[in-house]
Amino acid sequence: MIINWEFVKQRTLWSYEDLIKKLQQTLRYDFVQQYYNHTMEEAIDYVDEIHTGYLQHRGHRTWLDGLITNFTWLQRAGVENYLDLVEQVASRESCEHFLKESGFGFPELIETLHYLLRWVLPFPTPLREFFDTADPTQMAYFQALKAQGLTTNLDLLEHGRRAAQRAVLTQGTGIPSTFLLRLIHQSDLARLAYVRGKTVRHLCGGGYDTLDKLANADLQEMEAAMNAYYCSLDKRPQDFKAVVQLGPLIGGARHLPRIVEE
């Protein structure tokens, strides 16, 4: 079997090893394994949730149908869940063996792994993106979390999504519980596909500072609230609309698993 490994970088921007490493790093979190590690049957259903949520029933049907075909094939090949798939293709050698045994195509595998990384699994966002770097108090809080080994939103959600966990963090870092909970919610919003710290700050500025508020938002009301927020910054709302697309954000929020306990 001849495999064009350069195709991975052309499709995903990363080498095969880097793509696998990113998936492994995300799948190592307990909450990711609990809430995201779909069986292949669940993966097939979740493709339709992507279509109705993030994509708002628009286009991309050929791509989505291709993913459904891929997960159906993987199910027949005996793949249990996302973690099982990634473990079976963790190296180039094991990937070649998996493809030979299953008959699955290499381009289809890469498309599936890329989809998991970009659309399904939460992407790590540096915690620094949620802090005001000009505020000495906030940066002291940031350093306190860093000293605990918490440097991304996924780290913080792993160790602070439950009230009891936050109590331990508050005691260990001296960070006020109200600030910590706000940071948890910002980290939670960053689980949305293609959302990073800057978008989270804008959502919070418009009053949509929790995943539930976003999921329950009325689109017209949210557009008005966000327009008012942008105007308060002396910015034109249209400058942000291409970056912060409200409909897909609301749709995505409605399909994300709820993991934060108040």
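The values are calculated or read from the model by the stated rules, or taken from the named source; none is laboratory data. Here the structure is a predicted model, which means the values were calculated and not measured. Here the Cβ is made from the backbone with ideal geometry for all residues, glycine too, and neighbour counts use every protein chain on show.
Some observations on this one:
Yes/no matrix, rows are residues, columns are (1) under 21 Å from residue 124 (Cβ atoms); (2) of a type in the set (A, V, I, L, M, F, W, C); (3) buried (at least 16 other Cβ atoms within 10 Å of the Cβ); (4) touching a Gly at 6+ places or on another chain (Cβ under 8 Å):
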| residue | (1), (2), (3), (4) |
| --- | --- |
| 177 | no, no, no, no |
| 203 | yes, yes, yes, no |
| 229 | no, no, yes, yes |
| 239 | no, no, no, no |
| 242 | no, yes, no, no |
| 258 | yes, no, no, no |
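- Subset of the range 13-33 (residues that are within 16 Å of the chain's Cα centre (by Cα) and of a type in the set (Ser, Thr, Tyr)): 26, 29
- Any hit, the range 73-80, residues being β-branched (Val, Ile, Thr), assigned to a helix (DSSP H, G or I) and assigned by TED's automatic domain parsing to the domain that holds residue 29: no
- Test: residue in the range 41-55 that is under 26 Å from residue 153 (Cα atoms), without any contact (Cβ under 8 Å) to a residue 24 or more places away in the chain and either of a type in the set (Ser, Thr, Tyr) or in contact with a strand residue (DSSP E or B) (Cβ under 6 Å, 6 or more places away or on another chain) (or both): no
- Complete set of residues in the range 188-198 that are outside any loop (DSSP other than H, G, I, E, B) and within 18 Å of residue 55 (Cα to Cα): 189
- Count - residues of the range 53-68 that are modelled with pLDDT of 95 or more and either within 30 Å of residue 184 (Cβ to Cβ) or surrounded by fewer than 14 Cβ atoms within 10 Å (Cβ to Cβ) (or both): 1
- Sole exception among (1) among the acidic types (Asp, Glu); (2) on the phi < 0 side of the Ramachandran plot; (3) not in a helix (DSSP H, G or I) for residue 234, by number: (2)
- Residues within the range 91-148 that are among the polar types (S, T, N, Q) and either under 30 Å from residue 255 (Cβ atoms) or at pLDDT below 95 (or both), tallied: 3
- Residue check, residue 136 more than 21 Å from the chain's Cα centre (by Cα) and assigned by TED's automatic domain parsing to the domain that holds residue 251: yes
- Enumeration of residues in the range 1-52 that are among the small types (Gly, Ala, Ser) and either touching a Lys or Arg at 6+ places or on another chain (Cβ under 8 Å) or loosely packed, with under 14 Cβ neighbours inside 10 Å (or both): 15
- Matching option when the condition is part of a helix (DSSP H, G or I), in contact with a helix residue (DSSP H, G or I) (Cβ under 8 Å, 6 or more places away or on another chain) and not small (Gly, Ala, Ser), among 254, 258: 254
- Meets criteria (over 30 Å from residue 187 (Cα atoms) and not assigned by TED's automatic domain parsing to the domain that holds residue 246) for residue 28: no
- Exactly one residue among 189, 219 is closer than 30 Å to residue 56 by Cβ and buried (at least 21 other Cβ atoms within 10 Å of the Cβ), and that residue is 189.
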